[in-house]
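The values are calculated or read from the model by the stated rules, or taken from the named source; none is laboratory data. Since the structure is predicted, the reported quantities are computational estimates derived from the model, not experimental observations. Using ideal geometry, Cβ is built from the backbone for each residue, glycine included, and neighbour counts are taken over all protein chains shown. To get the accessible areas, we keep the full protein, side chains included, count just its heavy atoms, and leave off ligands, DNA and RNA. Shrake-Rupley method; radii C 1.70, N 1.55, O 1.52, S 1.80 Å.
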Amino acid sequence: MERNSGGGDRRSAILRAAAELFAARGFRGVSIEDLGRAVGTTGPALYRHFRGKEALLAEVLLDVSERLLHGGAARVAGSPGPEAALDALLRGHIAFALDEPALITVHDRELRNVPPEPRHRIRRLQRAYVEQWVAVLAELRPGVAEPVLRTAVHAMFGLLNSTPHSAGELDRDRMAELLFTMARTAVLAVGGRPDGAFAPPVHGQRGARTAD
């Protein structure tokens, strides 16, 4: 696979078209000819850029994993402190979730169809991205165990990555602000008890649910 063959714009166009088709029809429902037509060429011509459909799927997921990791590193490095870093990470991931929902769908549904070696690379990149968040949270919630922070990050991703199902009724700006508020509140909820877990209100406290 030639990652820079044909120029960055051409490669990006192919990856975007592939993501949209894989999300809409599923990996098995898309042929190499479909992919070629989507970018104004023939299926066999794509072999100049990718070895085949599985290699193209792998590249779609490698590309987004690398972009998230590198973008996250830049946002943290450019922030004056951990609170600003968390906000920058949240804004970046929310922009991804709202602007590229097809990639979320493809990852959730099609990662199993990626060959083992690139699948392991994708997983390594994703773990490194999670650890960026964990490192920032560790500064904001000192003393909380890393497994708790890591679990909180994964739970927050579940919220943000629900956009293929939840976006649509609100305009983009309102949706982005809603997600930001909800995700920030959720991920900072750790640390309410000595073990670092969230401490829910007990019955009788303001805001607590009472039995019917």
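Might you check whether a residue that is part of a helix (DSSP H, G or I) and either farther than 20 Å from Ala84 by Cβ or more than 19 Å from the chain's Cα centre (by Cα) (or both) occurs anywhere in the range 179-193? Can you show your working first?
The initial filter retains those residues of the range 179-193 that are part of a helix (DSSP H, G or I), namely 179-187.
Next, only the ones that are either farther than 20 Å from Ala84 by Cβ or more than 19 Å from the chain's Cα centre (by Cα) (or both) stay: none.
No - not one qualifying residue is present in the range 179-193.
Give the number of residues within the range 104-122 that are farther than 17 Å from Ala55 by Cβ and either open to solvent by less than 70 Å² (accessible area, probe 1.4 Å) or polar (S, T, N, Q) (or both).
Qualifying residue count, the range 104-122: 2.
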Q: Could you please find all residues in the range 123-153 being in contact with a helix residue (DSSP H, G or I) (Cβ under 9 Å, 6 or more places away or on another chain), open to solvent by 60 Å² or more (accessible area, probe 1.4 Å) and not in a helix (DSSP H, G or I)?
A: Arg141
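Given the criterion within 25 Å of Arg28 (Cβ to Cβ) and at pLDDT 95 or above, identify the matching residue among Ile94, Ile122.
On the way: Ile94 fails: within 25 Å of Arg28 (Cβ to Cβ).
The match here is Ile122.
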Q) Which of the residues belonging to the range 19-54 are at pLDDT below 90 and either buried (at least 20 other Cβ atoms within 10 Å of the Cβ) or aliphatic (A, V, I, L, M) (or both)? A) Ile32, Leu35, Ala38, Val39, Ala45, Leu46, His49, Phe50, Lys53
Q: Please enumerate the residues belonging to the range 9-18 that are open to solvent by less than 40 Å² (accessible area, probe 1.4 Å) and either of a type outside the set (Gly, Ala, Ser) or under 23 Å from Glu117 (Cα atoms) (or both).
A: Arg11, Ile14, Leu15, Ala18
Q: Take Ser12 and decide whether it is hydroxyl-bearing (Ser, Thr, Tyr) and in contact with a helix residue (DSSP H, G or I) (Cβ under 7 Å, 6 or more places away or on another chain).
A: no
Q | Residue pairs meeting the criteria (Cβ under 7 Å; at least 6 apart or on separate chains; first within 11 Å of Leu98 (Cα to Cα), in the range 157-177; second at pLDDT below 80 and small (Gly, Ala, Ser)) | A | Met175/Ala167
Q) Among the residues of the range 74-90, how many are assigned to a helix (DSSP H, G or I), touching a helix residue (DSSP H, G or I) at 6+ places or on another chain (Cβ under 8 Å) and either among the small types (Gly, Ala, Ser) or modelled with pLDDT under 95 (or both)? A) 2
Q | His93 vs. criteria of a type outside the set (Ser, Thr, Tyr), open to solvent by 30 Å² or more (accessible area, probe 1.4 Å) and either part of a helix (DSSP H, G or I) or at positive phi (or both) | A | no
Q: With respect to Val64, determine if the residue is under 20 Å from Pro115 (Cβ atoms) and at pLDDT 95 or above.
A: yes
Q.
Here is a list: Met156, Met175. Which entry is farther than 30 Å from Arg51 by Cβ, open to solvent by less than 20 Å² (accessible area, probe 1.4 Å) and either under 15 Å from the mean Cα position of the chain (by Cα) or at pLDDT 95 or above (or both)?
A. Met156
